[in-house]
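Q: Sharing a structure below in structure tokens format, with a few things to ask.
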Amino acid sequence: MYIARVPNRKSRPAILLRESYREGGKVCTRTIANLTNWAPERIVAMERLVKGEFDDWSGEMTSGEIFGVLFALKQLADQVGLTRVLGSAAESKLNLFLILA
């Protein structure tokens, strides 16, 4: 996989996540996702991921102090049934985070 920047005449270039493969001895490409509307820092992070910069990452991450507080509040929301009432949709998770914050 790789990130391709495809120039457009009158608009900004399209930024695509692509995959190359062989079919009958011929090299073909398949577009997996259009990243044009992503934030520039997310595109840079995806480029680093595709290049393999995170292959040896151990999974350990230093979190700020707020993580422990939000984790405890999330457990409390689970115990009182708030997460069940809000549901599992993406909007519900955002609402839960707003409530906890």
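The values are calculated or read from the model by the stated rules, or taken from the named source; none is laboratory data. Since this is a predicted model, take the numbers as computed values, not measurements. Here Cβ is always computed from backbone atoms with ideal geometry, including for glycine, and neighbour counts include all displayed protein chains. All accessible areas refer to the heavy atoms of the entire protein, side chains included, with ligands and DNA or RNA removed. Shrake-Rupley method; radii C 1.70, N 1.55, O 1.52, S 1.80 Å.
Q: Calculate, for the chain, the solvent-accessible area per residue in square angstrom, rolling a 1.4 angstrom probe over the heavy atoms of the protein chains.
A: Accessible area per residue: 82 Å².
Q: So, one more: List the trypsin sites (Lys or Arg not before Pro) within the range 1-50 that DSSP assigns to loop and that have no more than 14 neighbouring Cβ atoms inside 10 Å.
A: For trypsin sites (Lys or Arg not before Pro) across the range 1-50 that sit outside H, G, I, E and B with at most 14 neighbouring Cβ atoms in 10 Å, the list reads ARG9, LYS10.
Q: On to the next question. Fully extended, how many nm does the chain gain between ARG84 and ASN34 (0.36 nm per residue separation, minus their Cα-Cα distance)?
A: Value of the extension gain: 14.6 nm.
Q: Test of understanding: in a Gaussian network model of the chain with alpha carbons linked when under 10 Å, which of ILE32, ILE66, ILE15 would top the mean-square fluctuation ranking?
A: Highest fluctuation among the options: ILE66.
Q: When the accessible area of the chain is computed with all protein chains present and a 1.4 Å probe, what percentage of it is carbon and sulfur?
A: 56
Q: Please return the longest stretch of the chain lacking exposed loop sites, where chymotrypsin sites (Phe, Trp or Tyr not before Pro) count only if DSSP places them in a loop and at most 14 other Cβ atoms lie within 10 Å.
A: Segment 1-53 is the longest.
Q: Moving to a separate point now. Less than 14 Å Cβ to Cβ from THR29, Lys/Arg counted +1 and Asp/Glu -1: what total charge do the surrounding residues give?
A: With Lys, Arg at +1 and Asp, Glu at -1, the neighbours total +3.
Q: Once you keep just the Cα pairs under 8 angstrom separated by 6 or more residues, what percentage relative contact order results for the chain?
A: It comes to 16 percent, rounded to a whole number.
Q: I would also like to ask the following. Working from the alpha-carbon coordinates of the chain, get Rg over Rh, Rh being the Kirkwood radius.
A: Reported Rg/Rh (Cα atoms, Kirkwood Rh): 1.15.
Q: Something else now. Please report the net charge: other residues with Cβ closer than 13 Å to the Cβ of TYR2, K and R +1, D and E -1.
A: In short, +3.
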